[in-house]
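Participant: Mind looking over this structure? Questions follow.
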Amino acid sequence: MPTTPPPALTTLLRPDHHRLWNEADAFAAELIAPRVKFMEEHPDKIERRIPQLMAQRGWFGVTIPSQYGGMAAGHVAKTVLIHRAAVVSGAAAAILQASLIPVGAVQNWGTPEQKTLWLPQAAAGTTLFSIAVTEPDAGGHIGGIETVAEQVGDWWVITGEKLHIGNSHLAGLHVVVARTAPPDVPASRALTAFLVEDGRKGLTKDKHRRGLGMHGFSAGRLRLDHVRVPAGNVLGEVGRGMAVAQSSSILYGRPNLGAVSLGIHEALVETTARWMAARPRYDGHLSDLPVPRFRLGAMQDRFQTARGAIYQAVNLLDEGASCDAELIGAKHTSHRLAADSAREAMELHAAAALGIDYPLQRYFRDVQYTYPPAGTGEVQLIHLAAEALHQRLISWSEWLAADASWAPPEPPPA
Ligand SMILES: Cc1cc2nc3c(=O)[nH]c(=O)nc-3n(C[C@H](O)[C@H](O)[C@H](O)COP(=O)(O)OP(=O)(O)OC[C@H]3O[C@@H](n4cnc5c(N)ncnc54)[C@H](O)[C@@H]3O)c2cc1C
């Protein structure tokens, strides 16, 4: 049911954020919740109805400037939508966030022609995007990318494999990062990002397979066998693919995944509190006993910490402040604390946690999916150590704010 944003977020949320919060809660209750059972019972199927409905609301255009038909509502607004969807379904939130990462890449790195062509389609939700960086062997090591792109006249020919690609089976446009220089060239200059339309000859996808959780969300394998794209499909400059991938991951991917963890975390706390208050023990309920109560308090503490970290970080981004470390830390903290609470919730429920019709086991499974994407915990901590040692090479949030086209989000008319 629709909720009111907590007082802790008062200074960060504008009136239009409040409206989006209410809209997202109502949407989740009316349109996502009834689909959850089907998604859970059909883990081999990809959910297509929810993204269609989100698209009708313009949610895939939440950060897109109004000149391209977007909401131009910014990063806090984006976080509200993902967070509120994730309270009801991690998979629905994952579908939303996975396309919002490459949308950011096209916004920040696209030529005027590319933006004019693709951003209105994203804003209208007629074309979803994916970003394809990870590979079977390289994993999270971008410098190890083996997919190659060779220039042949006015075309680029791309060959390789991409794995765990969010919305692999829904996207009409894939942002593919490939190697365009010999192995001795440093990765920072050896990779290039390309816009690859779904349906290009040579682009195939493996059949969607069920995973541990996030049923309904596709994060599959793309195979590119001599896929030809015109030179105009280079996103950013040739040799700047690592920058496209890293900036998109830090500015969009990390807060997005943090928001998914946050929504699941909220559901964990609510479910556990409700259950403890109803579970009889001695003359009262489990919620009256000091030890379970203490553990629930620890869950609430972790949830509040994660919520503050995420909303503070994205608010800084909307303000044009330097906040890479905050975005990275928020992703790391939000996942880690939610995963801790998931274990605590399971233990507090004991045997009652294990029923397949009870949602707790879904939250426990789904929260595992917010660890790897946009950098595993180790990757986040490597970045944060560089921050502590004053060894940070670039601040993508400063870079974004310095862009001539950067403007704070536009509050919509009242
Ligand atoms: C739900 C989901 C959605 C995803 N969406 C996308 C997407 O849209 N696009 C995309 O391109 N990818 C996506 N990914 C892939 C994701 O980015 C990778 O899973 C992630 O980068 C890690 O790669 P890997 O899983 O192969 O692990 P590996 O990189 O093989 O890592 C294995 C382990 O080694 C550790 N490790 C690796 N390198 C180091 C190091 N240098 N120092 C210390 N420890 C290290 C890792 O932390 C991890 O514990 C998604 C993944 C999931 C699960």
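The values are calculated or read from the model by the stated rules, or taken from the named source; none is laboratory data. Because the structure is predicted, anything quoted here is derived from the model rather than measured. Cβ coordinates were reconstructed from backbone atoms using ideal geometry, including for glycine residues, and neighbour counts include every protein chain displayed.
Participant: Of all residues being free of Cβ contacts under 8 Å to residues at least 24 places away in the same chain and within 14 Å of the ligand (Cβ to nearest atom) in the range 88-138, which is surrounded by the fewest Cβ atoms within 10 Å (Cβ to Cβ)? Just the residue, please.
Facilitator: ASP137
Participant: State yes or no: is PHE60 surrounded by fewer than 21 Cβ atoms within 10 Å (Cβ to Cβ) and of a type in the set (Phe, Trp, Tyr)?
Facilitator: On the way: surrounded by fewer than 21 Cβ atoms within 10 Å (Cβ to Cβ): no; of a type in the set (Phe, Trp, Tyr): yes.
Criteria not met by PHE60.
Participant: For the range 169-225, which residues satisfy the criterion of being surrounded by fewer than 23 Cβ atoms within 10 Å (Cβ to Cβ), within 14 Å of the ligand (Cβ to nearest atom) and in a loop (DSSP other than H, G, I, E, B)?
Facilitator: Scanning the range 169-225 gives HIS169, LEU170, HIS208, ARG209, ARG210, GLY211, LEU212, GLY213.
Participant: May I pose another question? Please go through the range 368-397 and pick out each residue that is assigned to a helix (DSSP H, G or I), surrounded by 14 or more Cβ atoms within 10 Å (Cβ to Cβ) and more than 15 Å from the ligand (Cβ to nearest atom).
Facilitator: GLU387, TRP396, SER397
Participant: Hey, can you tell me all the residues within the range 37-87 that are over 24 Å from GLN107 (Cα atoms) and without any contact (Cβ under 8 Å) to a residue 60 or more places away in the chain?
Facilitator: LYS37, PHE38, GLU41, ARG49, listed by residue number.
Participant: In the range 317-367, what residues are under 30 Å from GLU398 (Cβ atoms) and surrounded by fewer than 18 Cβ atoms within 10 Å (Cβ to Cβ)? Give the steps one after another, and end with the answer.
Facilitator: Our first condition is that a residue be under 30 Å from GLU398 (Cβ atoms); within the range 317-367, this holds for 317-338.
GLU319, GLY320, ALA321, SER322, ARG336 - these are the residues of the range 317-367 that are under 30 Å from GLU398 (Cβ atoms) and surrounded by fewer than 18 Cβ atoms within 10 Å (Cβ to Cβ).
Participant: List every residue pair whose Cβ atoms lie under 8 Å apart, where the two residues are 6 or more positions apart in sequence or sit on different chains, the first residue falls within the range 214-233 and is not assigned by TED's automatic domain parsing to the domain that holds THR159, and the second residue, located anywhere, is among the aromatic types (Phe, Trp, Tyr) and more than 12 Å from the ligand (Cβ to nearest atom).
Facilitator: From the range 214-233, no pairs qualify.
Participant: While we're on this one: Yes or no: ALA407 surrounded by 13 or more Cβ atoms within 10 Å (Cβ to Cβ) and within 24 Å of the chain's Cα centre (by Cα)?
Facilitator: On the way: surrounded by 13 or more Cβ atoms within 10 Å (Cβ to Cβ): no; within 24 Å of the chain's Cα centre (by Cα): yes.
It is false that ALA407 is surrounded by 13 or more Cβ atoms within 10 Å (Cβ to Cβ) and within 24 Å of the chain's Cα centre (by Cα).
Participant: Let me ask something else. Only one of GLY69, GLY74 is surrounded by fewer than 20 Cβ atoms within 10 Å (Cβ to Cβ) and at positive phi; which? Working first, answer last.
Facilitator: Working: GLY74 fails: surrounded by fewer than 20 Cβ atoms within 10 Å (Cβ to Cβ).
GLY69 is the lone residue from the list that is surrounded by fewer than 20 Cβ atoms within 10 Å (Cβ to Cβ) and at positive phi.
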